[in-house]
Amino acid sequence: MWSGPRNISTALMRSFENRPDCAVINEPFYAFYLDRTGIDHPGRADVLRAQPRDWRAVVRTLSGPVPGGAAVWYQKHMAHHMLPEIGLDWLAGFRHAFLIRDPRAVVASYARIRPSVSPADLGLDVQLALFRAVRERGGTVPPVIEGEDVLRAPEAALAALCEALGVPFSDSMLSWPAGPRDSDGVWAPHWYDDVRASTGFKRYEPANPILTPSQETVAAAVMPSYEALRAHRLLG
């Protein structure tokens with residue numbers, strides 16, 4: 001699942017993790033990304049200690065045995081972690097899906113955690129590039145799920161996503177126990193307060209973000225990529 005920051009990506013991971021047949025892994029390229037970019041994220045030192053910094057080592061893990069022999073392995077990725085040096089040949093061995101959100105809402109949410117945000121931080125341009133690479137390699141259009149659609153109608157959206165991925169839908173995906181998970185990652189205390197307190201997808205509320213002029217510029221820069229992906233969304 002290729003997502004951007006400040007989406008419902010962690011809640012969606014929770015949803016899959018609550019299935020009895022599913023293992024999950026959370027943002028395995030994060031340390032690689034922080035190491036290469038030098039960017040200062042909350043908990044940076046902890047992430048660098050906790051994960052491999054070599055993208056090839058990450059790919060070997062992702063392509064290796066599924067933890068616990070589970071039937072489904074849900075791999076949650078932030079698209080912006082995929083820096084240009086990462087090869088794409090390994091993508092052929094996976095089923096891919098893309099989680100998107102209106103960039104104006106993403107910018108407003110991101111700005112509450114970090115004081116500045118750039119188009120690259122949102123990952124939408126990389127999501128679109130990955131979408132096109134997967135489509136070209138596989139000859140089919142990978143599913144795109146809009147976060148707003150999941151919040152509006154969780155069961156319908158998750159059932160459509162599961163069908164598109166060839167995975168049986170389970171109603172266990174609609175709720176989960178509150179609290180932290182071992183799968184959250186060492187960065188969770190900085191980013192995941194809301195999802196750790198949750199027991200399901202929150203009720204949809206229309207977003208009317210008020211952005212500064214510079215934030216509007218950032219959102220506008222990635223809007224074409226968002227619209228291109230949104231044209232393929234499930235439930236559209």
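The values are calculated or read from the model by the stated rules, or taken from the named source; none is laboratory data. Keep in mind the model is a prediction, meaning the values are calculated, not measured. Please note: Cβ atoms are built from the backbone with ideal geometry, for glycine as well, and neighbour counts cover all protein chains shown.
Quick notes on this one:
- Helices (runs of 4 or more DSSP H) (entirely within the range 138-204) containing at least 1 residues that are within 14 Å of Arg19 (Cβ to Cβ) and of a type outside the set (D, E, K, R): 154-165
- Index of the failed condition, Gly68 passing every other in (1) small (Gly, Ala, Ser); (2) exposed (fewer than 14 other Cβ atoms within 10 Å of the Cβ); (3) in a helix (DSSP H, G or I); (4) without any contact (Cβ under 8 Å) to a residue 40 or more places away in the chain: (4)
- Across the range 189-209, the qualifying residues are those that are more than 23 Å from Pro103 (Cβ to Cβ) and modelled with pLDDT of 90 or more, and the one among them that is surrounded by the most Cβ atoms within 10 Å (Cβ to Cβ) is Ser198.
- Screening Val126 against (1) within 23 Å of Leu34 (Cα to Cα); (2) in a loop (DSSP other than H, G, I, E, B); (3) not basic (Lys, Arg) leaves a single unmet condition, (2).
Per-residue answers, yes or no, for (1) under 20 Å from Tyr226 (Cβ atoms); (2) in contact (Cβ under 8 Å) with a residue 60 or more places away in the chain:
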site: Ser109; (1), (2): yes, yes
site: Pro115; (1), (2): no, no
site: Ala120; (1), (2): yes, no
site: Gly123; (1), (2): yes, yes
site: Val141; (1), (2): yes, yes
site: Glu146; (1), (2): yes, yes
site: Leu151; (1), (2): yes, yes
site: Ala156; (1), (2): no, yes
site: Met173; (1), (2): no, yes
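- Residue satisfying all of: in the range 119-135; surrounded by 20 or more Cβ atoms within 10 Å (Cβ to Cβ) and of a type in the set (A, V, I, L, M, F, W, C); nearest to Met223 (Cα to Cα) among these: Leu124
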